[in-house]
Structure formats: C-alpha cells, structure tokens
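Working notes for the structure below.
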Amino acid sequence: MTQHQVAEPTRRVVLPIEGMTCASCVSTVERAIETVAGVSDVVVNLATETAAVTFAPDGRTVSAMASAVASAGYGTARQDAVLSVPGLADAAAAQRVESALRALDGVGRVEASAEAEQVVLTYMPGAVAIDDMRAAVAEAGYEAREIGGSDTLEAEIERLSRRTEVRRLRRRLIVSGTSAAAIMALMLVPGVERTIGMGWLNAIAMALATPVQFWAARPFYASAWSALKHGTSNMNTLIALGTSVAYGYSAVVTVFG
C-alpha cells in the first residue's frame, strides 16, 4: 500500500528590513532568518529592503525571525495602529482583546483602554494586516475599525520615520562637513604652521577629527561590530577598519611624535 505524505502548510511573508547597505548585509540577514525553525526559503532584496520568507507557521515564527534579524545587527520595521473597539466596557474586556491581538504572529506591544474604547498596538507590516487584527478582535466578541484609515496612518508613520532619519543624518553631515572644512582650511592657509606651531596645528586637527571618527561615523562601527559578532564582514567593516587605522596612526604621531 502506497502512503501519501501530506504536505505541511506553508505561509509566505515579506518583512521590511532596516539597516542593510551592501550584498554582505543581504547574506547576513538571509543566514540569520534561515536559522529559524520552520523556514524553508528566504530571499532578501537590498533594493526594496525586504525579506520574502516561506515557512511553516507555528504561531510565533515571525517573531522569531525578527529576533534573529535583530541579533544579526539589523532591524525589522514596525508600525503603529489605533483601533476603535466600541463596547469595550471594562478591564476584563480590554484584557480579552489584548490577549486576542497578542496571539497574532507579528504583533508586538498592545494596549487596550476600556475608557477610550481604543486599542493602540505595534505590528510588523507584511507579517500581519489590519484585517487580521479585526478578525482577532471579532473572535473575542467585539468589532474593531482602524482610526484614520490604514493607508493614511501607515503613510504618516513612514513619513515621520524618514524625517527623523534625515534629521539624524543631517546633524552628522553638518558636524563632519564642518570639521573637515576646518581641517582643510588649516592645511591651506599659508604659514599657519609657523604661526601656531606644528604641535598645536596637529592637536587642533585631532580635536576636530575625533567627533567625526567616533560620533558621526558611529553607524559604521555599529554595523561592522554586528557583522563581526556573526563571523562575517560588510562594506562598513572596510570603512571602519580603514578610517580607524588612519585615525589611530595620526593620533599616535600627534601625541607621541
């Protein structure tokens, strides 16, 4: 008698990945996700900053993927949602709704307020949808609707997130650009080394370069360290190594030379 093996059900999600900058990052993220039990296929796209994953769901697989990506030094984008839940009469009802939403794979923080008849939660887009949340709330005996609309909320969150990142990068650019311009000016001004002396000139250059090396360039060091912890390297490793050698040699010459 021939036995037919029943194919295990699979699910496919597209997770937004943060922090990838090169092909090595792609390989690192792929290997991290592949370590999660139940994952059968992973395709990471650097251009779209996403990971398409096929897996056998067991209830918390997406959360395990997010943890694996985080341990590799990268992030999975999260979004917030606000659900209106009419009839959320007391704390017990709020607790039931919270439990129903937390059971969804891909949902993080959940806070339900019986007084406001609202639920505020954080979720991973691509892993869980607003319709899934509505269905979970319905199973708990209530009806939910998103306040402001899914497209509006997600677009606003994305806009604010990118604005914050741009501000952060602008601050680093201003500091590093100003310091670099000042160092170049000191090098180009005729006779400045005779006026203040080479010792003072080198000390001023070192003082200007230090915040650039260790504050403005901090994201490069963070990414390189994460890659090193997992036995790999990326473009940021080359940047961190090259600039550190140059800075270290110059610092030694300035202090002891």
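The values are calculated or read from the model by the stated rules, or taken from the named source; none is laboratory data. Predicted model only: the values in this text are computed from it and were never measured. Cβ: placed from backbone, ideal geometry, glycine included. Neighbour counts: every protein chain shown.
Things worth noting here:
- Identity of the residue in region 48-96, closer than 29 Å to ALA224 by Cβ and assigned to a strand (DSSP E or B), that ends up nearest to the chain's Cα centre (by Cα): GLY75
- Residue pairs whose Cβ atoms lie under 8 Å apart, separated by 6 or more positions or on different chains, with the first residue in region 165-185 and assigned by TED's automatic domain parsing to the domain that holds ASN202 and the second part of a helix (DSSP H, G or I) and of a type in the set (Val, Ile, Thr), are VAL175/VAL212; SER176/VAL212; SER179/VAL212; ALA180/VAL212.
- Each residue in region 93-114 was checked for being of a type outside the set (Val, Ile, Thr) and farther than 16 Å from GLU143 by Cα, and 8 of them qualify.
- Only one of the numbered conditions (1) at pLDDT below 85; (2) surrounded by 12 or more Cβ atoms within 10 Å (Cβ to Cβ); (3) outside the structural domain of GLN95 (by TED's automatic domain parsing) is violated by LEU160, and that is (2).
- Taken over region 108-138, the criterion of being of a type outside the set (A, V, I, L, M) and under 21 Å from the mean Cα position of the chain (by Cα) is satisfied by GLY108, ARG109, THR122, TYR123, PRO125, GLY126.
- Answer residue from region 102-152, given it is farther than 21 Å from ALA89 by Cβ, touching a helix residue (DSSP H, G or I) at 6+ places or on another chain (Cβ under 9 Å) and of a type in the set (Val, Ile, Thr) and is surrounded by the fewest Cβ atoms within 10 Å (Cβ to Cβ) among those: ILE130
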